[in-house]
1. Between Val34, Val48, Val141, where does the largest GNM mean-square fluctuation fall for the chain, given springs only between Cα atoms within less than 10 Å?
2. Under the Karplus relation 6.51 cos²θ - 1.76 cosθ + 1.60, θ = phi - 60°, what is the ordered set of whole-Hz ³J(HN,Hα) values for the range 108-121, x standing for Gly and Pro?
3. What's the carbon and sulfur percent of the chain's accessible surface, probe 1.4 angstrom, rounded to a whole number?
4. Give the angle, between 0 and 90 degrees and rounded to the nearest 10, that separates the Cα long axis of helix 23-42 from the longest principal axis of the Cα atoms of the chain.
5. Most fluctuating residue of Ala188, Ala59, Ala142 in a GNM of the chain with Cα springs under 10 Å: which is it?
6. Would you compute, from DSSP H runs of 4+ residues alone, the mean residue ellipticity of the chain at 222 nm, taking -39500 (n - 2.57) per run and dividing by the full residue count, rounded to the nearest 500?
7. At 7 Å along the Cα-to-beta-carbon direction for both Ala195 and Lys99, put a label point, then send me their distance in nm to one decimal.
8. Might you tell me the accessible area per residue for the chain, computed with a 1.4 Å probe and given in Å²?
Amino acid sequence: MRTKLREGERKIFETRAHWITVIKPFLVLLLAIVLMVLSFVLIKEQTVFSRISHWACGALLLVAFLYFGYREWFRRRDIWAVTNLRVIDEQGIFRRYSKESPLDKINNLSYDQSLLGRIMNYGDVEIQTAAEEGATIYRRVAKPKKLKETIAHYRDEYGQELQQIQAKAATSAAEQKPEETRVCPFCAETVKAQAKVCRYCGRDLPPAKTS
Ligand SMILES: [Zn+2]
């Protein structure tokens, strides 16, 4: 995930489009490999025809490989992450696009699975937020049930999580007490209360008052 987490935020779950979404380019690649092998196995004689067919199969294989690689790369870059505070939708290879919804703004959650989806563990997840964009539907996401349940669980815990983070921030702020100081009687600069020598004028300071 490329989005930076906030103070006290932690990632709970991450998912992406199921590999079934790249099955077509994968099959094309597989077909190109088979054709390449066949062209060498079946066409043995050295003719112009054999050279052309080898080159054609090679070109097809290259294109199929690039096509599959691009689609798979895009799939890996397109993620859905759930943290204890928000849902982050991140995508894009060269330009990053990301959209996030605070969990407390999510009104409705549902998911839908076809029979194949139930077998392979993918499905469409729909999230309705209070924002103007309304609903976001994610098609053929891997582990849709887990995604929905994680969002639902942390949406219910949202207030508590926020309280914990605020309490932690308050404690750490209280721990950083400002250092005690006093004013040098000779040069009137502010020095540390326990200093024996003034760091500005170099004179010996009267002993510090012990409280
Ligand atoms: Zn001084």
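The values are calculated or read from the model by the stated rules, or taken from the named source; none is laboratory data. Quick caveat: nothing in here was measured; it's all calculated off a predicted structure. Please note: Cβ atoms are built from the backbone with ideal geometry, for glycine as well, and neighbour counts cover all protein chains shown. Protein only, heavy atoms only, side chains kept; ligands, DNA and RNA dropped before computing areas. Shrake-Rupley method; radii C 1.70, N 1.55, O 1.52, S 1.80 Å.
1. Result: Val48 has the largest fluctuation of those listed.
2. Computed from phi, the couplings for the range 108-121 are 9, 9, 8, 9, 9, 10, 7, 4, 4, x, 5, 5, 8, 6 Hz.
3. For the chain, the apolar C and S fraction of the accessible surface comes to 58 percent.
4. On a 0 to 90 degree scale, this one is about 50.
5. Between Ala188, Ala59, Ala142, it is Ala188 that shows the largest mean-square fluctuation.
6. The helix-only estimate for the chain comes to -14000 deg cm²/dmol at 222 nm.
7. Result: 5.8 nm between the two label points.
8. Here the per-residue accessible area is 69 Å².
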